[in-house]
There are 2 protein chains.
Amino acid sequence: MSTMGRGLHGRVLDTLGPEITAGEYPPGSVLRTDELAQRFDVSRSVMREAVRVLESMHLVESRRRVGVTVRAKAEWNVYDPQVIRWRLAGADRPQQLRSLTVLRSAVEPVAAGLAAKNATAEQCAELTECALGMVANSRGHQLEGYLFHDVAFHRVILNASGNEMFARLGDVVAEVLAGRTHHDVMFEDPDPAAVTLHVQVAEAVRERDAERAERLTREITIGALQELDILAP
Amino acid sequence: MSTMGRGLHGRVLDTLGPEITAGEYPPGSVLRTDELAQRFDVSRSVMREAVRVLESMHLVESRRRVGVTVRAKAEWNVYDPQVIRWRLAGADRPQQLRSLTVLRSAVEPVAAGLAAKNATAEQCAELTECALGMVANSRGHQLEGYLFHDVAFHRVILNASGNEMFARLGDVVAEVLAGRTHHDVMFEDPDPAAVTLHVQVAEAVRERDAERAERLTREITIGALQELDILAP
DNA sequence: TGTGACAAATAAGTCTGACTTTTTGATCCA
DNA sequence: TGGATCAAAAAGTCAGACTTATTTGTCACA
């Protein structure tokens, strides 16, 4: 779904990217372009394009006479959506989920505060609609419907903040929320307290109460941290 | 400095990247690989590699029979350090500086709180050293020395937070701080209140007072926002 | 008039092979 | 020992031929 049909180099990345981000090659490992081209049965030019992409993500470094060396995780472009998807799909999933949730706990409250100041009337309406959708789907194992409105809610907040960098976290938050519903333990209906908080955030934004919107959103993210045992209950 | 000697494709990116991120091509503009190769006097293969990199940054989209189309800014990978550098170097600098400063105001307080919990003894020592270095360079127009310790201070905080995604913002914060000192108005000595706050943050981290570290760092970032007139004074 | 199939044009995508350049590391000599 | 030189290795570059997907336009047919 993520990267289909982007040509041969994309096909190569679909398997090489996950391998590297899963840590299958220890940092400093050396790959040879020719060998990779052979392995994936593509021409050197295609392989070179794939390497260029990995290089732009700071996953590898290409140097003459030595080859393509895998970089240490600390150097990776961990905000690259593609890297995040690869990590979420592989063995590194738990840690990626944790670091993203911590990031959310920092960003979303501030974004909500800004949204209270900057949201358009239309965005306020959308927000209320999302919150009501969450309420409507909060009972009776309607997890998909709940997820849909939850994702939309957080997306509106991030967009309404007016900050382009916050807005670009919408996809990431969506994948975290989807992950929680699909992969992890989420058999039961969502916590009613969390649902209420979302409704109240929508209220606060509508009433332009930035301080309250921020505080309530912080409570939501604290809940998300607790789900992953990052905070003591 | 940023991207020297990465080969011909890197040379091409050094001029094409800034052009695109500066908004010189309106979204939807179509570039032709052949024409670009001619313009930069490189082979098609080199040009293709450059396009692949731009594509992985979501700056452009390459489609058969139509060409390389420039994407809307809302789709760019705005967390890519290279994209950030390009934008900081061009016409988009003011907005990039603002959005980064808002991001800092969200992330750094939380990072400081985590640092108070997770910092090693060595990191605590480094932090204190940085704060003292700031104090020592805070008077008499020793701006470079002050900047050096300021950057180091924030880097230690982000690293000590224990969150890999926070840690990767160190370079970005460094560029924001450097930008403030070099490009923008910063003729006078730094605000003594800000210096004191840094010393106090180091104290709070050392004493494992997460709540205080977070609150004090929030004051620091509020100051940064005010410098850019993002907050009312 | 509209619609669907078919053909042509276009630009990216791919492959191959020859060549260049940089870097490493080994060898040889002082 | 140490420094200069040389050879090998692997990425980098180029040119050209070919393939493929996609769009656009045309024409026949309903």
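The values are calculated or read from the model by the stated rules, or taken from the named source; none is laboratory data. Not measured: the values here are computed from a predicted model. Ideal geometry is used to build each Cβ from the backbone, glycine not excepted, and the neighbour counts take in all protein chains shown.
Key figures
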read-out: Number of positions in region B:133-160 that are touching a residue at least 24 places away in the same chain (Cβ under 8 Å) and of a type outside the set (Asp, Glu); value: 18
read-out: Qualifying residue in region B:10-21 (condition: in a loop (DSSP other than H, G, I, E, B) and either on the phi < 0 side of the Ramachandran plot or more than 10 Å from chain A (Cβ to nearest Cβ) (or both)); value: no
read-out: Subset of region A:20-37 [exposed (fewer than 14 other Cβ atoms within 10 Å of the Cβ) and either within 11 Å of DNA strand D (Cβ to nearest atom) or among the acidic types (Asp, Glu) (or both)]; value: A:GLU24, A:VAL30, A:ARG32, A:ASP34, A:GLU35
read-out: Qualifying residue in region A:94-105 (condition: away from chain B (no Cβ under 11 Å), out of contact with any His (no Cβ under 6 Å at 6 or more places or on another chain) and either in contact (Cβ under 8 Å) with a residue 40 or more places away in the chain or more than 25 Å from A:HIS183 (Cα to Cα) (or both)); value: yes
read-out: Output for region A:163-208, where each listed residue is modelled with pLDDT of 95 or more, assigned to a loop (DSSP other than H, G, I, E, B) and surrounded by fewer than 19 Cβ atoms within 10 Å (Cβ to Cβ); value: A:GLU207, A:ARG208
read-out: Residue in region A:42-65 that is modelled with pLDDT of 95 or more, more than 14 Å from chain B (Cβ to nearest Cβ) and either in a loop (DSSP other than H, G, I, E, B) or within 16 Å of DNA strand D (Cβ to nearest atom) (or both) present; value: no
read-out: Hits in region A:66-87 (condition: more than 14 Å from chain B (Cβ to nearest Cβ) and near DNA strand D (Cβ under 9 Å from one of its atoms)); value: A:VAL66, A:GLY67
read-out: Selection status of A:LEU147, surrounded by 17 or more Cβ atoms within 10 Å (Cβ to Cβ), under 15 Å from the mean Cα position of the chain (by Cα), more than 10 Å from chain B (Cβ to nearest Cβ) and over 19 Å from B:ALA106 (Cβ atoms); value: yes
read-out: Pick from region A:23-41, criterion touching a residue at least 24 places away in the same chain (Cβ under 8 Å) and within 13 Å of DNA strand C (Cβ to nearest atom), ranking: nearest to the other protein chains (Cβ to nearest Cβ); value: A:THR33
